[in-house]
Amino acid sequence: MSTGKTPATRQSGKTRVVAFRWAVDKQLRAAVCDFADGSRRANPWPADLYARARARGKKHNHAIRILACAWLAVIWKCWTTPYDPAQHQALQTLLHKVPQPNG
């Protein structure tokens, strides 16, 4: 089952075309993208990843798909090995940069 996180590549001879992948489980893709979109409001790591994608000129939907792809990598890692949030280096880097609220 595919979430459509990777683009579809078609090539013939010297011609190569990379396009949006349409043949996917659309409900699964929508669920993953909704999760990714919501996560950027609740956690500094996805917010930073989204902001960097936008700064590179990506449109909102493309930036959300980039974030969804990153989350799928985390989910896959959780599924295949025990996940330790303390080892998530991108989050640790941001937590050291962002001032923490007192309380």
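The values are calculated or read from the model by the stated rules, or taken from the named source; none is laboratory data. Model, not experiment: these values are computed from the prediction. Cβ atoms come from the backbone with ideal geometry, glycine included; neighbour counts cover every protein chain shown.
Overview of values
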| item | result |
| --- | --- |
| Hits in the stretch 55-76 - residues which are over 16 Å from S39 (Cα atoms) and either surrounded by 13 or more Cβ atoms within 10 Å (Cβ to Cβ) or of a type in the set (S, T, N, Q) (or both) | K58 |
| From Q27, Q11, residue being assigned to a helix (DSSP H, G or I), farther than 17 Å from L91 by Cβ and modelled with pLDDT under 85 | Q27 |
| Cβ pairs under 6 Å, 6+ apart, first in the stretch 88-103 and under 14 Å from A47 (Cα atoms), second at pLDDT 65 or above and not charged (D, E, K, R) | A90/W45; L91/W45; L94/P44; L94/W45; V98/P44 |
| Output for the stretch 25-67, where each listed residue is under 24 Å from K97 (Cβ atoms) and of a type in the set (G, A, S) | A36, G38, S39, A42, A47, A51, A53, A55, G57, A63 |
